[in-house]
């Protein structure tokens, strides 16, 4: 039930924000902050209550809540929480807090409706991470999509309309394929067993012919790799990321992309073990293409947010590689990558937002030498560009190292190419650093350094990424049961 | 003593944290105390632990476990420190020379705006470098390895407002990253084979797991070698080091002479079992070293920037270390690292003092006549130069280089050709060192001297100068004195050098080496001091000018890199800036729009059109039916 409450807090909080904005804008902001804070406290509490040592594999689900919703179609309200979901919910509410904080002064129009959309997107994302009924899952998939469409379309930058539509059409096209796949699975399972159900745990036992499994899997997979995104389905991402408001980019990069990875781990691999093993080589290949292509695209960009967006494409390539390696180590790396990429790329987007606020441009050609006036931000930027090029001590290194070493055990040539991605990531990261913070001073007017609110945001992110790099064990333990279940299938 | 090891890297780390978080608000004096103080404390601690280590040598090593870092089902790795004889030598050099350089820097950098940032980066560097040499597993070593790369990047680009400095920093990072990536693949391969990254386990298990000279072990060794070549600036990954001189001189002394650039030497020595299993990899190491020492030495002969001369000289001297490692003269390589750290750090610091006093003049041909004006710098520089040129018996460089020359022929893996190249290198070294000395310190003064260096700068110079002279006495050639303190120490960890049975006797090698050095010095003296007409003549000859330019450009490796890698990459990325795949989707979108336009023409609201359409449709269906 606690899971339902967490989602409701966001939904109700969103409505309250919309209503209160007419009277008191400060109240609206505080309601939004409070909603995500309460959820964060709740999930932290759950984490601490479930010591990771008890995860023996027999009972992967800490919390399992099931209620009837539409019994005649076999649709239930089934929410459940395992290690992976716990990690992802924690990430969701963590980034949720930061999203509210970094919108605090940036958003000046239609504030109530903005926070409504922000909280509803978060609610949809949390729903996606805990829904175990495929119908409900699809429902939440749409709930996170539409508010995000508004976030980009209303509060975005100059080219926001185009970006919002593009985002919507890409995801929706994938979503429809997934809906067809869900229905196909539903009917096949129903015909086999006589009970029609959307329940994940029942559907796991569906026996599919190889060709049916292949087709249905593709439906799911396409939806998820568009979200991930995998080259060549990545084109919605640079536009959406660069046009969205800061909090939008943060949520897109930090959370929405992760729903794709989550979908593959939760649904594609367990539901279609043989079919997914069959395409593993190709999936790794596409992951590697993503790593290299994303990095090369990032290198040539001049728009700072587009540049960061393409680094996401590159980093998410590692996720795809790691998932389809089917080794325990690589899968642990994927879980780490999901978190650390959320934090590090989120931080870079927040920083890009701060730069935009100060300089009114996203063009890195018009920046340069900003370290002189903003040494604090320069230091933080250095840390996070280093995170994105995979410097040890920072969490991303653990993730990429585990993925690469885990994949190396099963596929040497492709891993070698993926490892070359480390060189490419250095190329774009240092170029970003050079163009924005180093070199001759390009901006004449004084630029103010980080404010207290900004320092709070950045130091929370910094501490998390360093902690994950030096002591990633809690996350690894938390994900252990899930990882072993998925890999053993 | 065991549980004190972690404090050695922790002290500079504390310095880094304080200076990076609060540095800009602290007074300069306090920054200096924190920056130099933490490293000096680490040096004192090292000496205490080192004395303990020498008095009661442990069976293997001192070890200390801090915490479990990563533990998955089949991979486990902890933050573990391990200090054996090899680590001890490196830790001593890093902290001791590091402390002297830090003290020197408190005066050298005094007027710099970013005083705190400088010491923060330097402290972080010392910490990372210590982790590198103290790590007991390769993953932790990789952490230090990347950490020193980051600090090198930060300090080369320290004066970031000049674009060239930033570009030099980027270049250093990129090129070393190529080596690092190869090394990472080497780690993956080691893990795949042995299931562990723990260094003692790897060394113990590899002899039974791998067959001598198998392709696997050679691949692993070569990948590790590539990592070492990147960090240690060996051919063809050497081009970043001359450009790295864009950083402040103490940085060049600490990072790009004494410590970081020898990380490759440490890596190979540390993984010696892997290399011994692969004779091919050993030979390649030796050849890389020999070629590098020659190419870099010849480039040093014609440079005009004082720091670039020293940079090429560093590449060349590390080439000697690689040569020694490759022929199996393990302790000779580490010994040369030991002496080189003193005299090369000294030369860079002294060069920094010269540059500073001459208002940031780098060109040696605009220096001159400093002998009497800056006596302390002159005498210390002379001591360093003599050690670099390997002046017999009175300098440390002689003892270490003589060993390498001897072993390059007579060691198990040695070869006369390697010896010839090494000897040529020794001649070249003596020559360019003499040239540097004469041009900078003799002759007439060309640039007036600003303020001469103060005591904080000269005392470290004097200490290093003394060490450049006496540090070699801990290890004498076999046929002269029975002092083998150094090799006794490191051979607790490294295998003893096996000498071939046949071959000329040692005394002949020594005489030839001494003669070569003296000949090199004489050549330099006669060309640049006694009679400079020959040089003038060469300057006029176009062929000689071409040769000079070729050498000056470091044998054109930059040009080659640009041609093969940089320009194609930049071109490839720039033509695809707007993303080729996007055109595909835009095509779909505009295609749909076109279709919409052409079909919407038919929806014009005119009844006549619709009736005509219906009629044509009926006609079409009827015709179809009639025909079928």
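Semi-axes, largest first, in whole Å: what does sqrt of 5 times each Cα gyration tensor eigenvalue give for region A:279-489?
Taking √(5λ) for each Cα gyration eigenvalue gives 33, 19, 12 Å.
For an R0 of 41 angstrom, estimate the FRET efficiency from the Cβ-Cβ distance between residue B:592 and residue B:553 and round to the nearest 0.05. Let's see the in-between values first.
Values: r = 56 Å, r/R0 = 1.37.
Taking R0 as 41 Å, the efficiency between residue B:592 and residue B:553 is 0.15.
Take the Cα of residue A:142, step 7 Å along the line toward its Cβ, and report every residue of region A:168-211 whose backbone nitrogen sits under 17 Å from that point.
The answer is A:168-184, A:198.
Which whole number of Å³ per residue matches the convex hull of the alpha-carbon atoms in chain B?
Output value, Cα hull per residue: 272 Å³.
Quick one: angle between helix B:215-231 and the longest Cα principal axis of chain B, in degrees between 0 and 90, rounded to 10, please.
For B:215-231 against chain B, the angle is about 80 degrees.
Round to the nearest 10 and give me the degree value, 0 to 90, for the angle of helix B:455-470's Cα axis relative to the longest principal axis of chain B.
In chain B, helix B:455-470 runs at an angle near 70 degrees to the longest axis.
Can you compute the modelled spin-label distance between residue B:515 and residue A:447, with each label point 7 Å from Cα toward Cβ, in nm?
A separation of 6.5 nm, rounded to one decimal place.
May I ask for the distance between the Cα centers of region A:1-54 and region B:100-156, given as a whole number of Å?
Spelled out, the Cα-based centre of one part sits 44 Å from the other.
Specify the inter-centroid distance of region A:385-451 and region B:15-58, based on alpha-carbon positions, in whole Å.
One Cα centre to the other: 30 Å.
Provide the FRET efficiency to the nearest 0.05 for the residue B:581-residue B:624 pair, computing r from the beta carbons and using R0 = 45 Å.
With R0 = 45 Å, the Cβ-Cβ based efficiency is 0.60.
Using only Cα atoms, find the angle between the long axis of helix B:279-302 and the longest principal axis of chain B, and express it within 0 to 90 degrees, rounded to the nearest 10.
Value to nearest ten degrees: 80.
Label residue B:283 and residue A:66 with points 7 Å out from Cα along Cα→Cβ: what is the distance between them in nm?
Each label point is offset 7 Å from its Cα along the Cβ direction, giving 6.9 nm.
Taking the Cα centroid of region A:467-488 and of region B:370-432, what is the distance between the two, rounded to the nearest whole Å?
54 Å
Which parts of region B:113-127 would a label at residue B:30 reach, counting a residue when its backbone N lies under 14 Å from a point 7 Å out along Cα-to-Cβ?
B:116
Obtain the nm distance between the two label points defined at residue B:3 and residue B:56 by a simple spin-label model: each point lies 7 Å from its Cα along the Cα-to-C-beta direction.
For the pair residue B:3/residue B:56, the computed spacing is 1.6 nm.
List B:194, A:176, A:269, B:628 from most exposed to least, where exposure is judged by having the fewest other Cβ atoms within 10 Å.
Ordered from fewest to most neighbouring Cβ atoms within 10 Å, B:194, A:176, A:269, B:628 come out as B:628, A:176, B:194, A:269.
So for A:447, B:377, A:321, B:420, fewest C-beta neighbours within 10 Å to most, what's the order?
B:420, A:447, B:377, A:321
What does the average come to when, for each residue of peptide A:223-232, you count the partner chain Cβ atoms lying within 10 Å of its Cβ?
Details: counts 0, 0, 0, 0, 0, 0, 0, 0, 2, 6.
That average works out to 1.
Using all alpha carbons of the protein assembly as shown, what is the percent of pairwise distances in each 10 Å bin, ordered from the shortest bin to the longest?
2, 10, 18, 21, 18, 13, 9, 5, 3, 1, 1, 0
When the C-alpha atoms of region A:197-284 are aligned to their principal axes, what extent does each axis show, in angstrom, from largest down?
45, 28, 16
Order of B:110, B:451 from fewest to most other C-beta atoms within 10 Å?
B:451, B:110
For chain A, what does the relative contact order come out to in percent, with C-alpha contacts under 8 Å and a separation of six or more?
15 percent
We did not get these values from a lab; they are worked out from the coordinates using the rules stated. Quick caveat, the model's predicted, so the values are computed rather than measured. Positions of Cβ are generated from backbone atoms using ideal geometry, with glycine treated the same way; all protein chains shown enter the neighbour counts.
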